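A.B. asks: Here it is, the structure in full.
Read the figures in this text as sums done on the coordinates, not as results from a lab. On a predicted model such as this, the values are computed, not experimentally measured, just so you know. FYI the Cβ positions are ideal-geometry reconstructions off the backbone, even for glycines, and counts take in every protein chain you see.
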Amino acid sequence: MLLNLEEIMFIIEEVRSRSPAQCRLLDRLSDSRDFSITLPAVGSRAAKQKAYYRQQLLNKSVDINLPHI
């Protein structure tokens, strides 16, 4: 199941939180600026996971039940 940006923002808004991080996340999602960063070219487990998730995003095939690799 793929979700669009509005659906994702709605889900985040529905989470009860007193943390300011929720508001910052919603602000970033609603901002049109590009916040992309380059991924490290390291063979660590974290770098491999980031590359895997990035590829899912590029393929527009993000699974909401993201598996751990």
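A.B. asks: Find the relative contact order for the chain and round it to a whole percent, using C-alpha pairs within less than 8 Å whose residues are 6+ positions apart.
C.D. replies: Computed value for the chain: 40 percent relative contact order.
A.B. asks: Another question about this same structure. Based on the Cα atoms of the chain, what semi-axes does the equivalent ellipsoid have, where each is the square root of 5 times one gyration tensor eigenvalue, given in whole Å with the largest first? Show your work: numbers first, answer last.
C.D. replies: On the way: eigenvalues 115, 47, 36 Å².
Ellipsoid semi-axes (Å, largest first): 24, 15, 13.
A.B. asks: In addition: For the chain, find the longest principal axis of its Cα atoms and tell me its angle to the long axis of helix 20-30, 0 to 90°, nearest 10.
C.D. replies: Computed tilt is about 80 degrees.
A.B. asks: What is the extension gain from residue 63 to residue 34, computed as 0.36 nm multiplied by their sequence separation minus the C-alpha to C-alpha distance, in nm to one decimal?
C.D. replies: Result for the pair: 8.2 nm of gain on full extension.
A.B. asks: Report, in debye and to the nearest 20, how large the dipole of the chain comes out about its Cα centre when Lys and Arg carry +1 and Asp and Glu carry -1 on their Cβ.
C.D. replies: About 420 debye.
A.B. asks: Would you kindly state the longest site-free stretch of the chain, with sites defined as trypsin sites (Lys or Arg not before Pro) in a DSSP loop (not H, G, I, E, B) surrounded by at most 15 other Cβ atoms within 10 Å?
C.D. replies: Answer - 34-59.
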